1. Amide H neighbours of PHE72 under 5 Å, counting only residues 5+ apart in sequence or on other chains, H built in-plane at 1.01 Å?
2. With no solvent and one point on each alpha carbon, what is the Debye value of log10 I(q)/I(0) for the range 64-134 at q = 0.18, 0.22, 0.24 Å⁻¹?
3. Going by the alpha-carbon gyration tensor, a ≥ b ≥ c the square roots of its eigenvalues, is the range 28-95 rounded (a/c under 1.5) or, if a/c is not under 1.5, prolate (a/b greater than b/c) versus oblate?
4. Please state the charge dipole magnitude for the chain, taken about the Cα centre, from unit charges on C-beta atoms (+1 on K and R, -1 on D and E), reported in debye and rounded to the nearest 20.
5. For every other residue with a beta carbon closer than 15 angstrom to the beta carbon of GLY6, add +1 if it is Lys or Arg and -1 if Asp or Glu, then tell me the sum.
6. If you take the Cα Rg of the range 1-44 and divide it by 2.2 N^0.38 Å, with N the number of residues, what do you get?
7. Where only protein heavy atoms count, and the probe is 1.4 Å, what is the accessible area per residue for the chain in Å²?
8. Return, for the Cα atoms of the chain, the radius of gyration and Dmax in Å, separated by a comma.
Amino acid sequence: MIRIKGDVRDGTRIVVPDSGRYRFVYREGSYSTYPENAPAPKGILTWRTAIYAFRNGGPTWNGQDIRQSDAFAIIADTGDKATLLEVETAAAGSQTEVEITAGDYLSLVGVDGYSYYSGNPGTVTLEWFRVTYS
């Protein structure tokens, strides 16, 4: 299992032990783009499960946003929702498969939309495993 905290700007790094096709499966959790002590304005959707994976480097930035076009893979992106329960229900069963080479590393990061991450509550848990060998 991999746990990606919503308040870590550079994400969580994993090293790929063997070449092959890997499946990433959403298991639980979400994060908010607003701190717990500063609730979002009414009508703003803040809960997410989206995890961007960057291969052999960290996220690339376009001003305050992470550049989605540079992501190697996007995992469990259900869009923004109003509540933790709503986004977790939407993400249930989400999975992504990608080919990865032994020794590569992935930086997995929750996407905030701003460069300031320190107050984002929540964690997304993914399971990953190899489904085919290269």
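The values are calculated or read from the model by the stated rules, or taken from the named source; none is laboratory data. The shown structure was predicted, so the numbers you read here are calculated from the model rather than taken from an experiment. No Cβ is skipped: glycine too gets one built from the backbone with ideal geometry, and neighbour counts run over all protein chains shown. The accessibility values were calculated without ligands, DNA or RNA, using every heavy atom of the protein model including side chains. Shrake-Rupley method; radii C 1.70, N 1.55, O 1.52, S 1.80 Å.
1. Under 5 Å from the amide H of PHE72 lie the amide H atoms of ALA53, PHE54, ARG55, each far enough along the sequence or on another chain.
2. Normalising to I(0) and taking log10 leaves -0.91, -1.25, -1.39.
3. Numbers: a/c = 2.53, a/b = 1.35, b/c = 1.87.
Verdict is oblate for the range 28-95.
4. 80 debye
5. Taking every Cβ under 15 Å from that of GLY6, the sum is -3.
6. The reported ratio for this selection is 1.64.
7. Numbers: 6930 Å² over 134 residues.
With all protein chains present, the chain gives 52 Å² per residue.
8. 14.6, 49
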